[in-house]
Amino acid sequence: MTLRKTEILQRWDDRLRRAELAVAAVLFTALACVVTWGTCARALGSPLIWSDETAVLLMASAAFPAASALLAEDGHVAITLLERRVPPGMARAIGIARDVSLLLIFLALAVLVWRWFAPVAEIARLVGQKTDGFPNFMYSEPTATLGLNKVWFWLSLPIFCIGVCFHTVVRIAARRGKSASC
């Protein structure tokens, strides 16, 4: 991959990372507001029954974009003892192997999420075609107290898969670009 293409990928990667951080910040802010509001209401003797469920859903929904952005910043936990003790070329190879392993894990997660969401079957159902098997209730299952479909909160998973796969591909391309330029 040419240096120019790698730079373009890294710019898009940075934009995605900033967008993920913004989404996570909004969700964590909403979480703080809901917890504060629920705590105050409970202290005043009028608990908000929906606040606990909302807090859990907001926390889970915020964690995924934040984790994806953390991967883009290379802030995830990594054991680099070996990489620091080998020559630079071998360290790059170990880094690429680590990133390829991560990509394979994220792709496996993406396949599981795809199977769970079954978007093709859901689209077929929406347009009135008969589908094999049982209907996927994840699209209609409501939250216990809010009455919203849980799928709106579960959408953070496929978005996470797309984000981490993109970040990991960009990291691999950047490492390969560095080794090609040396």
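The values are calculated or read from the model by the stated rules, or taken from the named source; none is laboratory data. Small disclaimer: the values here were computed from a predicted structure and weren't measured. We place every Cβ from the backbone using ideal geometry, glycine too, and count neighbours over all the protein chains shown. Just the protein is used for accessible areas: all its heavy atoms, side chains included, with ligands, DNA and RNA removed. Shrake-Rupley method; radii C 1.70, N 1.55, O 1.52, S 1.80 Å.
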May I ask which residue of Leu9, Thr54, His167 lies farthest towards the positive end of the charge dipole of the chain, with charges of +1 (Lys, Arg) and -1 (Asp, Glu) on Cβ and the Cα centre as origin?
-> Leu9
Heavy-atom accessible area per residue of region 1-137, all protein chains kept, 1.4 Å probe, expressed in Å², is 69 Å²
Point-charge dipole on Cβ atoms (K/R +1, D/E -1) for the chain, about Cα centre, debye to 20 | 760 debye
Under the rule of -39500 (n - 2.57) per DSSP H run of 4 or more residues, summed and divided by the residues of the chain, what mean residue ellipticity at 222 nm is obtained, to the nearest 500 deg cm²/dmol?
-> -25500 deg cm²/dmol
Under a 1.4 angstrom probe, counting protein chains only, how are Leu3, Leu48 ranked by accessible area, largest first?
-> Leu3, Leu48
Taking only Cα atoms and a 10 Å spring cutoff, compute GNM fluctuations for the chain and point out the largest among Glu20, Glu122, Glu73.
-> Glu122
For region 45-124, what ratio Rg/Rh do Cα atoms give with a Kirkwood hydrodynamic radius?
-> 1.19
Taking 1 over the mean of 1/r across every pair of different Cα atoms in the chain, what Kirkwood radius in Å do you get?
-> 19.3 Å
Count the net charge of all other residues whose Cβ sits under 15 Å from the Cβ of Lys150, scoring Lys and Arg as +1 and Asp and Glu as -1.
-> -3
Cα-only Rg/Rh for region 1-103 with Kirkwood Rh rounds to 1.21
Comparing Ala30, Ala72, Ala144 in a Gaussian network model of the chain (Cα, 10 Å), the one with the largest mean-square fluctuation is Ala144
Report, to the nearest whole %, how much of the accessible area of region 86-182 belongs to carbon and sulfur atoms, 1.4 Å probe, protein only.
-> 71 percent
